[in-house]
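Engineer: Have a look at the structure that comes next, please.
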Ligand code: FES
């Protein structure tokens, strides 16, 4: 490859002439000669996979990006990295997010690229790719595969995976039979694309757009809409211009850009997972995002996008209403409009001509007539979570937001699975379910086990929500009075691991309080008896358990994070 950056990056075989000679020979595999590589070389990181079902449709998208690159005078070269799909990756994709981030970073660094388009979509892929891009820091644009179209059953809209959970609960409660469940199953994920409620995938896509790392409207347009191919082609053009301007992720993802992303996250009622992922991406750039900042920005940002699981509509309607630019237009007075984006323009310039049609006003509400006056994520502290925990109050039951109850402890996700539906389990709807050892080190990988299932015997009595507390995460598509990300986690000696069945626990969301009512001397006794349940592992899992940071720090590896600014 002959462009300047490529020349600088490629190591020599010890003889510069021979190095050129051998590379020229291999360039001919694609029908190119040396002159072609005088142009900007654009890597297209294609994470298409038949196992990652949210990434099965990338072929035409890659072709469209390539067309854009060629039209703008660049040379597009496709390459693969790891692909993480939520549904078929065990024990959890979160265990491998950092592996995907390292893969992305190292492949960008190792190959002679002038710029890169990262193609992702499913929950952990977009944050992993952004983390890698932040560290590699060459001109980069993120492009997601887009959400699925709505599902439908007997006139009701279905959404993956809020309705996967909802209808499974109804089946467990005896409200629907197997035949109906099977018909619903057939319509839950009806097209290519990622989950179509405002779950983690949609949330991170929206945040990426608000950060300035994706083309406007890129988050919401459906996977199956031909406008996605138009946006892909434009992204191809844009990356060549970005290379010419030398605009890298560290110039785009500033502290103010993260503030824009967090405000937009709050305005769309996005997933709690975004707190961890944005913290990790910012951490790669040495930018600290304290948990309290999420809470503060949440309290001063109106919740205006009426989207499931906290609202009514799904990504299909959101796209029609204008998607992320429509929300950002409403938030205009709160945003840093001078932040530069991958379009080469500022946030303010990008949204200058955006208008939300009155027809869609119930989907994207006006700034001064919001769905709720504040945003969707609250940060709790107390002796049960000294380094914080999060809850999504708008997806919780109002009557449980202030609640004191008896703890029913499950010592691991496996213990929970074994006992939770046991008819003999001593539990009432006023109890508080506690799940231990489901955090980053303990599980390992912090699975989405935080929405503990309501015991079947209570479901059959009509109970649909209880207070649940854990050091796990929860899917962005889930709902309920669920306290997550308790830090420090139980497996490393956090107070959550000291809770015993029968203790009294208090949650007060308004006061941002999470307390364990056990005398200090008794806690001290339990602390002295504490034995870490972490079992010895090998390979990547060992690396992960030895180096992963806690939830409040983004769960990145300690050796990948530079000093905080
Ligand atoms: Fe990929 Fe939901 S399974 S986004």
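Engineer: Among DSSP beta bridges lying fully in region 368-453, give the percent that are antiparallel, nearest 5.
Structural biologist: Counting DSSP beta bridges with both partners in region 368-453, the antiparallel share is about 50 percent.
Engineer: On to the next question. Which whole-number percent gives the relative contact order of region 1-158, counting Cα pairs below 8 Å spaced six or more residues apart?
Structural biologist: Details: 246 pairs, mean separation 37.8, N = 158.
For region 1-158, the relative contact order is 24 percent.
Engineer: In nm, give the distance between the simple-model label positions of residue 563 and residue 520, each being 7 Å from the Cα along the Cα-to-Cβ direction.
Structural biologist: That separation, rounded to one decimal, is 3.6 nm.
Engineer: Tell me what the chain gives for mean residue ellipticity at 222 nm when only DSSP H runs of n ≥ 4 count, each as -39,500 (n - 2.57), the sum divided by the residue total, rounded to 500 deg cm²/dmol.
Structural biologist: On the way: 20 runs with 202 residues, N = 565.
Helix-only estimate at 222 nm: -10500 deg cm²/dmol.
Engineer: Would you mind calculating the relative contact order of the chain from Cα pairs under 8 angstrom and at least 6 residues apart, reporting the percent as a whole number?
Structural biologist: Contact order relative to length: 14 percent.
Engineer: One quarter of the convex hull surface, Cα atoms only: what value does that give for region 87-141 in nm²?
Structural biologist: Working: hull surface 14.5 nm².
So the Cα hull casts an average projection of 3.6 nm².
Engineer: Hey, rough spin-label estimate for residue 256 and residue 510, points 7 angstrom out along Cα→Cβ, what's it come to in nanometres?
Structural biologist: 3.7 nm
Engineer: What whole-number value in cubic angstrom gives the convex hull volume per residue for the C-alpha atoms of region 175-266?
Structural biologist: Taking only Cα atoms, region 175-266 has a hull volume of 106 Å³ per residue.
Engineer: Right, something else. For region 95-181, what is the percent of antiparallel DSSP beta bridges, rounded to the nearest 5?
Structural biologist: Roughly 40 percent of the DSSP beta bridges within region 95-181 come out antiparallel.
Engineer: If I fit a long axis through the Cα atoms of helix 273-284 and take the longest principal axis of the Cα atoms of the chain, what angle between them do I get, 0 to 90°, rounded to 10?
Structural biologist: Here the helix axis deviates by roughly 50 degrees.
Engineer: Need one number: convex hull volume per residue for region 369-455, Cα atoms only, in Å³.
Structural biologist: Here the figure is 125 Å³ per residue.
Engineer: Same structure, new question: May I ask what percent, to the nearest 5, of DSSP beta bridges between residues of the chain are antiparallel?
Structural biologist: 45 percent
Engineer: Next question, about the same structure. Just order 399-405, 228-234 by mean Cβ neighbour count inside 10 Å, highest at the front, would you?
Structural biologist: Working: 399-405: 15.4, 228-234: 21.3.
Highest mean packing first, the order is 228-234, 399-405.
Engineer: Using only the alpha carbons, work out the radius of gyration and Dmax of region 289-379 in angstrom.
Structural biologist: Just the Cα atoms of region 289-379 yield Rg and Dmax of 13.6, 38 Å.
Engineer: Just to check, using Stokes-Einstein with a Kirkwood Rh over alpha carbon pairs, what's the diffusion coefficient of the chain at 37 °C and 0.692 mPa s in µm²/s? Working shown, then result.
Structural biologist: Details: Rh = 24.2 Å.
The diffusion coefficient I find is 136 µm²/s.
Engineer: Mind checking the angle between helix 58-71 and the chain's longest principal axis? C-alpha axes, 0 to 90 degrees, to the nearest 10.
Structural biologist: Its long axis makes an angle of about 40 degrees.
Engineer: Can I ask one more? Going by how many other beta carbons lie within 10 Å of each one, how would you line up 535, 65, fewest first?
Structural biologist: 535, 65
Engineer: Relative to the longest principal axis of the chain, what angle (0 to 90°, nearest 10) does the C-alpha long axis of helix 125-136 take?
Structural biologist: 50 degrees
Engineer: Mind checking the full-extension length gain between residue 176 and residue 369? Use 0.36 nm per residue of separation minus the Cα-Cα distance, one decimal, nm.
Structural biologist: Numbers: separation 193, 0.36 × 193 = 69.48 nm, distance 3.75 nm.
The span from residue 176 to residue 369 would gain 65.7 nm if fully extended.
Engineer: Which value results when the Cα radius of gyration for region 1-157 is divided by 2.2 N^0.38 Å?
Structural biologist: After normalising by residue count via 2.2 N^0.38 Å, the value is 1.20.
Engineer: Tell me, what does the Kirkwood hydrodynamic radius of region 443-563 come to in angstroms if you use every pair of distinct C-alpha atoms?
Structural biologist: About 16.5 Å, per the Kirkwood formula over Cα pairs.
Engineer: Among 346-354, 366-374, how do they line up from the highest to the lowest mean number of other beta-carbon atoms within 10 Å?
Structural biologist: Most protected by this proxy first, the peptides run 346-354, 366-374.
Engineer: Still on this structure: When only Cα pairs under 8 Å and 6 or more residues apart are kept, what is the percent relative contact order across region 406-467?
Structural biologist: Reported as a whole number, the value is 38 percent.
Quick note: the coordinates plus some simple rules give every number you see, no bench work behind them. Remember, it's a predicted structure, so these values are computed and weren't measured experimentally. Neighbour counts are summed over all protein chains in view; Cβ atoms, including those assigned to glycine, are modelled from backbone coordinates with ideal geometry.
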